[in-house]
Every structure is written in C-alpha cells, then in structure tokens.
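Presented below is the structure to which this report refers.
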Amino acid sequence: GSLPNNLTTLTLSRYFNQVVPLGTLPNSITTLTFGRSFNQVITPGTLPNNLTTLTFGECFNQVVPPSILPNSLTTLTFGYFFNQVVLPGTLPNSLTTLTFGNEFNQVVLPDTLPNRLTTLTFGNEFDQVVLLGTLPNSLTKLTFGDSFNRVVLPDTLPNSLTSLTLSSCFNQVVLPGTLPNRLTTLTFGRCFKHAVTPGTLPNSLTTLTLTNFFNQIVLPGTLPNSLTTLTFRNEFDQVVPPGTLPNSLTTLTFGNKFDQVVLPGSLPNSLTTLTFGYGFNQIVLPGSLPNSLITLTFGDKFNQIVLPGSLPNSLTKLTFGDGFNQEVLPDTLPNSLTTLIFGGFFDQAVLPGSLPNSLTTLTFGDEFNQVVLPGTLPNSLTTLTFGRSFNQVVLPDSLPNSLTTLTFGRSFNRVVLPGSLPNSLKTLTFGDLFNQVVPPGSLPNTLTTLTFGRSFNRVVLPGTLPNSLTTLTFGRSFNQEVLPGTLPNSLTTLTLRRYFKQEFLPPSLPDRLITLTLGPTKFYIGITI
C-alpha cells in the first residue's frame, strides 16, 4: 500500500535496499532516515519537497548529483562508507548542518558548501587540504576527524567560526593570524604537541582544551584575556609561572601527569574551579590558591597534609581522591565549606572541631571505619554518607539534629540504638550486609524514606515504622510475614524483592498505598483520600 499523505517522519529498516520509485514518498515527510543496507541511486524528484532532515545509513556510497536534494533541506548526514566527490550545486542553499561519515576523504571544492551552512563535521578518514574560499562565511562550528593533519593556512577559516575541533592526529604549527577573531572554543586532539606562540590565540577565545601529548611551556602572553576555561590533558607537566594564566580564567583542569608545585601568584583571582589530575602530589602552600576559588578537586595520588591557611575562605566544595589518607587538623577547612568528599583510602579519626559549621554534605570513602564521636559532626550537616567498610556503633548524640539524609555502606551491621538517629532525619538507607532487629522507637517520626539492603531478613514489629514513612524498600532476602499494623497508614510506596513469598493478610496493607512492587512486578493500587 501507499504511504499516508500526512506522514511526517519515515525510518526505513536496516535491511531495506530497494530503488525508491518517483511518487512513493509523500510531500508531507520532513524527516527521512535510510537504514544500514541502503545503497541505491536516488533519482531527481524522489525526495519530498518539504524534507528538512535526511540521514543515510552505513552502506550508502552513491554519487549525489545536483537537483537531487530538495531546497527545504536543513540537515544532511552521510553514513560510514560514503566517499564521493560532492560537486558544486549539489547541496541546497537551505542546508545548515552537514555531517560526513567515517570514510569520506575527498577534496571539498570552492562553492560546494552553501552560504547558510553553520555546522560542518568531517569523519575520521578525512585528511585533505582545506582550500581558500571553501568554507562559507556562515560557518560557526567545524569539527575535523581523527586523521586530519594538514596545515591550516591563514584566511582559510571564516570569521564567523566560533567553535573549532582539531581531532586526534592533528600536529601542525598554528600560525598567528590563522584562527578567526570570533573563535570562542578551540580543542586540540591527542597528538598535538607544538608550542603555542603569543599572538596565535584570538582575543575572543573563552574555552581551550590542550589534549593528551601536549607538554609545552606556555609563555606569559600566550593565553588571551578572554579565556574562561582551560583544560590540560594527560602529558602536560610544566611549571606555570605567575602571569601565564589570564585574569579572566574561571575553570582550570590539569591532566593526569601534572605534578608541579603551584607557586603563589600563579593562579588568577578570577579562578572558581580547580581540578588536579591523577598524578598531582605536591604540598599546597598557603597563599597559592586564590580567594575566588569555590570548587577544588584533588586526584587519586594526592596524599599531603593540608596546612592550616592553605584553603581559601571562598571554598564551598572540596573533593579528595582515593589516595588521600591524612589527618585533617582543626582550623584547616574554611568556614565557607559546604561539601566535603573523602576518597576511597581515607581512614583517619575525625577530630572534634575539624569540620566547619558551614558543612552540609559529608561523604566518606570505602575504607573509612572510625568511631564518630559526639560533637564531631557540625550542626549544619544535612547529608551524611558512609562507605562500604564502615561498621561502627552509632553513638547517641553523634549525629546532628540538622541531618536529613543518612546512607550506610555495604558492611554496616550494627544495632541502631533508640536515640541515635536525630529527629530531623527524612531518608535512611542501610547497606547490603545490614541484618539487625530494628527496635521500636529507633526510627524517628520525621522519616519518610527507608531502604533496607539485600541481606535484611528480620521481622518488623508493629510500632517500629514511624507514621511519617511514605516509601519503604526491602532487599532481595526479605521474606518475613508482614503483620497487620506493621505498615504505617502514611505509606504510599512499598517494594518487596524476589525472595518474598509471604501472603498479605487483608488489613496488612495501608489504605494510602499507591505503588506495590513484588519482585519484578509493579502494581498501581490506586489513591485513597
């Protein structure tokens, strides 16, 4: 049968490989996608006049003559194997986005690309000289694939260009005057390792990524004052002298091999986010981090004592990598800090007075297994997460009354004593090994969400679960009878896993229950007001 005249989107199957006769595709179609196997000549008039998006599949590798593509087309994607010369006049003036697939490696002749084109992407095999006058003045985003390694001559790139990606194999000197004055984003691929000389980068640039093999000294005056985001990748390991980084910079990321002392005055006062890679393991000297810094992340090798006064008072988020295992001294962490994350190997006692009163989120890594003494955690804390090894008794008054979310890791298997959980708590998650009786009165009346891990298989007595609870999840091993009066009337969502084989007595389920999950099956019971 024929296709309906109101059809707007058509996707042909991966096995379709037939000539499309004239008149087959209705003019209502705006989006057409050919599947993997299609590799047939398309005759003039075949494609509908209202088509805006056309995608060819993997196998298509036919010459597309002029007059085939309709003047309505805005987005064109060629598949993996397409590798044909595109003649001038082939692409309609309406086209704004053009993507070539992996195998395309043909010279693009002048006047081939339409004047409305804004986005051009070449595939991995493309490695042709880009001729003067080839790229239209409308182009804003240009991406080269992995094989491209040609000198880009001055005046080749149009002044309209704002984003340029030079992928893996590119390793050519970029001459001053090559990059257009409107360029805001520049990404070099993993092979680029040439020095970037002063005057090369335009004053419009805001984002610069220097990837894997780049390990050159960056001279003062090289980076423009417009730059806000700078990323060094794996190989970079050079001293950054004071005056190198512009005062506009807000985000700085160092790669895995960077391991240089950060000298006072090196980092600009505009910096808000600083990330060190895997290999960084230098003492952070007082005065080296600017007072503008908000987020600081250390990599996995960092394991130095953090000296009092080394972290600025502006800092709100601090993340340590897996290797950090140093005692945190009192007055080390600034009073501005709201989020603190310790990595996998941290296992030091947390001294009273070491955590600031501003802290709201605290995460311990997998190895932490220390008693948390009363008075250690600040009254500002709302979220506390213990890692997989934590298995200490939680003493009464050790958790602050501000706490709303508490997560225990895999190994925790201690009785939760009445009075140990604060009345502010709303969400409580037990890990996989927890299998203790929960005495009535242990869970606070503020609790709304309770999750047990896979090993929990204890009778829950009536009066144990608070009347505030709305969501209750049992783990895979739970298989105990749920007595009438056990589940509070406030409960709306109940999840029981695969091994639960008990029958519910009629009054066991509360009237407000909306969602009940038994193993893989979910039931929507309804809403009772």
Which of (1) within 26 Å of the chain's Cα centre (by Cα); (2) in a loop (DSSP other than H, G, I, E, B); (3) farther than 27 Å from Gly189 by Cβ does Gln282 not meet, given it meets every other one? (1)
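Considering only the range 467-483, state which residues are in contact with a Phe, Trp or Tyr (Cβ under 8 Å, 6 or more places away or on another chain) and part of a loop (DSSP other than H, G, I, E, B).
Applying the first criterion (in contact with a Phe, Trp or Tyr (Cβ under 8 Å, 6 or more places away or on another chain)) to the range 467-483 yields 473-479, 482.
Answer for the range 467-483, where residues must be in contact with a Phe, Trp or Tyr (Cβ under 8 Å, 6 or more places away or on another chain) and part of a loop (DSSP other than H, G, I, E, B): Phe474, Gly475, Arg476, Ser477, Phe478, Asn479, Val482.
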Please verify whether the range 307-317 includes one or more residues that are buried (at least 17 other Cβ atoms within 10 Å of the Cβ), touching a residue at least 12 places away in the same chain (Cβ under 8 Å) and over 17 Å from Asn291 (Cβ atoms). no
Can you name the residue in the range 386-399 that is under 33 Å from the mean Cα position of the chain (by Cα) and hydrophobic (A, V, I, L, M, F, W, C) and, of all such residues, is surrounded by the most Cβ atoms within 10 Å (Cβ to Cβ)? Phe386
Of the conditions (1) of a type in the set (A, V, I, L, M, F, W, C); (2) assigned by the TED database to the domain that holds Leu54; (3) within 28 Å of the chain's Cα centre (by Cα), Leu120 satisfies every one except a single condition; which number is it? (2)
Filter the range 266-316 down to the residues that are hydroxyl-bearing (Ser, Thr, Tyr) and within 19 Å of Thr253 (Cβ to Cβ) and list them by number. Ser266, Ser270, Thr272, Thr273, Thr275, Tyr278, Ser288, Ser292, Thr295, Thr297, Ser314, Thr316
Which numbered condition Asn357 fails, given (1) in contact with a Ser or Thr (Cβ under 8 Å, 6 or more places away or on another chain); (2) closer than 30 Å to Phe500 by Cβ: (2)
Would you confirm whether any residue within the range 140-151 is in contact with a Gly (Cβ under 6 Å, 6 or more places away or on another chain), assigned to a loop (DSSP other than H, G, I, E, B) and surrounded by fewer than 20 Cβ atoms within 10 Å (Cβ to Cβ)? no
Identify, from the list Thr464, Thr495, Thr486, the residue that is farther than 27 Å from Ser380 by Cα and outside any loop (DSSP other than H, G, I, E, B). Thr495
Looking only at the range 156-179, decide whether some residue is on the phi > 0 side of the Ramachandran plot, outside any strand (DSSP E or B) and in contact with a Pro (Cβ under 6 Å, 6 or more places away or on another chain). yes
Just to be sure I understand, how many residues within the range 251-269 are buried (at least 17 other Cβ atoms within 10 Å of the Cβ) and assigned to a loop (DSSP other than H, G, I, E, B)? 10
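Table: residues versus (1) of a type in the set (Ser, Thr, Tyr); (2) surrounded by fewer than 18 Cβ atoms within 10 Å (Cβ to Cβ); (3) touching a strand residue (DSSP E or B) at 6+ places or on another chain (Cβ under 8 Å).
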residue: Leu384; (1), (2), (3): no, no, yes
residue: Asn401; (1), (2), (3): no, yes, no
residue: Gly419; (1), (2), (3): no, yes, no
residue: Leu428; (1), (2), (3): no, no, yes
residue: Val438; (1), (2), (3): no, no, no
Please go through (1) touching a Phe, Trp or Tyr at 6+ places or on another chain (Cβ under 9 Å); (2) of a type outside the set (Asp, Glu); (3) surrounded by fewer than 17 Cβ atoms within 10 Å (Cβ to Cβ); (4) more than 26 Å from Gly45 (Cβ to Cβ) for Leu120 and return the number of the only condition it doesn't satisfy. (3)
Are any of the residues in the range 320-332 at pLDDT below 95, on the phi > 0 side of the Ramachandran plot and part of a loop (DSSP other than H, G, I, E, B)? yes
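Scanning for something of a type in the set (A, V, I, L, M, F, W, C), more than 20 Å from Ser411 (Cβ to Cβ) and modelled with pLDDT under 95, does the range 357-372 turn up at least one residue? Spell out how you get there, then give the answer.
Taking the range 357-372 as the starting set, the residues that turn out to be of a type in the set (A, V, I, L, M, F, W, C) are 359, 362, 364, 368, 371-372.
Now drop any that are not more than 20 Å from Ser411 (Cβ to Cβ), which leaves 359.
Those left that are additionally modelled with pLDDT under 95: none.
Looking through the range 357-372, none of the residues is of a type in the set (A, V, I, L, M, F, W, C), more than 20 Å from Ser411 (Cβ to Cβ) and modelled with pLDDT under 95.
Determine which member of the set Gln216, Gln260, Gln238 is closer than 13 Å to Gly277 by Cα and over 24 Å from the mean Cα position of the chain (by Cα). So that I can check it myself, show each step before the final result.
Values: Gln216 fails: closer than 13 Å to Gly277 by Cα; Gln238 fails: closer than 13 Å to Gly277 by Cα.
The unique qualifying residue is Gln260.
Considering Phe16, Phe81, which residue is within 23 Å of Asn124 (Cα to Cα) and assigned to a loop (DSSP other than H, G, I, E, B)?
Working: Phe16 fails: within 23 Å of Asn124 (Cα to Cα).
Result of the check over Phe16, Phe81: Phe81.
Among the residues of the range 126-139, count how many are farther than 17 Å from Pro88 by Cβ and crowded, with 17+ Cβ neighbours inside 10 Å. Steps first, please.
Initial filter on the range 126-139 (farther than 17 Å from Pro88 by Cβ): 126-127, 129.
Retained after the next criterion (residues that are crowded, with 17+ Cβ neighbours inside 10 Å): 126.
Total meeting the criteria: 1.
Test of understanding: among Arg233, Arg190, Arg182, which residue is charged (D, E, K, R), under 24 Å from Gly133 (Cα atoms) and under 28 Å from the mean Cα position of the chain (by Cα)?
On the way: Arg233 fails: under 24 Å from Gly133 (Cα atoms); Arg190 fails: under 24 Å from Gly133 (Cα atoms).
Exactly one residue qualifies, and that residue is Arg182.
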Restricting to the range 65-89, what's the tally of residues that are within 23 Å of Thr156 (Cβ to Cβ), surrounded by fewer than 18 Cβ atoms within 10 Å (Cβ to Cβ) and of a type in the set (Val, Ile, Thr)? 1
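The values are calculated or read from the model by the stated rules, or taken from the named source; none is laboratory data. Keep in mind the model is a prediction, meaning the values are calculated, not measured. Glycine gets a Cβ as well: all are built from the backbone with ideal geometry, and neighbour counts include every protein chain shown.
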